[in-house]
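Asks: The following block contains the structure, expressed as structure tokens.
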Amino acid sequence: MSSKFKATFDDSGNLVLKDKSKIKEGRKSRGAGARFEARVRADLESRGWIVDKWSNNVDLEKNQIVPAKKKFNPFSKVMSIGTGFPDFVCFQKNGDRFDVIGVEVKTSGRLKGEEKEKCRWYLKNEIFREILIAKKLKEKNRIRIEYINFLDIQKGIRK
């Protein structure tokens, strides 16, 4: 007989009981998110953008860009590197200069409060010309990508 919970330990060494159905749900969600992220990357590249993973983050307390922390999964022995915000940095040649934008992939299209603060910081410090949020839309069993400019979200002009 299998139990409904799995015992794990958090960073502090405390015992945490996790519901096995939630673990399975989380695994599926992470997989779906990774597939959507790959789809967004391919879409941007097809539109002529040079796309790369952004491996930095903003430390709002220090008011500077810092390398993103790497995440280690002890069970699969894998170190994930792509934990920066936003997910992608994109370049496109425009005459004699390059346009540089940031793209954050969110299946729901919703940013958390801290993510909004980071977007404001990037734009204020002119790191990116604009930041786009890639949102997943389902239309007649097809997945479509909608790009929302962060400034529109900030102004409340969201579609």
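Coordinate-derived values only; no laboratory data. All figures in this text were calculated on a predicted structure; none of them were measured in a lab. A quick note on method: Cβ atoms are made from the backbone with ideal geometry, for glycine too, and the neighbour counts reach across all protein chains shown.
Asks: Would you mind computing, in nm to one decimal, how far apart the modelled labels at residue 70 and residue 17 are, each placed 7 Å from Cα along Cα→Cβ?
Replies: Each label point lies 7 Å from its Cα, and together they span 3.6 nm.
Asks: Taking the Cα-to-Cβ direction at residue 3 and at residue 99 and moving 7 Å from each Cα, how far apart do the two end points lie in nm?
Replies: 5.5 nm
Asks: Which one, 65, 44, 29, is farthest towards the positive end of the dipole of the chain when Lys and Arg carry +1 and Asp and Glu -1 on their Cβ?
Replies: Farthest along the dipole direction, towards plus: 29.
Asks: Roughly what would the spin-label model give for residue 27 and residue 144, points 7 Å off Cα along C-beta, in nm?
Replies: Each label point is offset 7 Å from its Cα along the Cβ direction, giving 3.4 nm.
Asks: From the phi of every residue in segment 4-14, what ³J(HN,Hα) in whole Hz does the Karplus formula 6.51 cos²θ - 1.76 cosθ + 1.60 yield, where θ is phi - 60° and glycine or proline is x?
Replies: 7, 10, 10, 8, 9, 10, 7, 4, 8, x, 7
Asks: With just the Cα atoms of the chain, tell me how far they stretch along each of the three principal axes, in Å, largest first.
Replies: 65, 46, 32
Asks: Here is a follow-up. Residue 100's amide H: which non-local residues (gap 5+, or another chain) put their own amide H closer than 5 Å, with H modeled 1.01 Å from N in plane and none for Pro or chain starts?
Replies: Amide H neighbours of residue 100: 129.
Asks: Sort the following peptides by mean Cβ neighbour count (other Cβ atoms within 10 Å, averaged over residues), highest first: 103-109, 43-49.
Replies: 103-109, 43-49
Asks: Sticking with this structure for a sec: So if each residue of separation counts as 0.36 nm, and I subtract the Cα-Cα distance between residue 34 and residue 130, what length gain in nm does that give?
Replies: 32.3 nm
Asks: Now, a different point. Which ³J(HN,Hα) values, rounded to whole Hz and listed in residue order, are derived for segment 34-43 from phi using the Karplus coefficients 6.51, -1.76 and 1.60 in 6.51 cos²θ - 1.76 cosθ + 1.60 with θ = phi - 60°, glycine and proline given as x?
Replies: The phi angles translate into 5, 5, 5, 4, 5, 5, 5, 4, 4, 5 Hz.
Asks: Right, next: For n ≥ 4 DSSP H runs only, could you compute -39500 (n - 2.57) per run for the chain, divide by its residues and tell me the 222 nm figure to the nearest 500?
Replies: -9500 deg cm²/dmol
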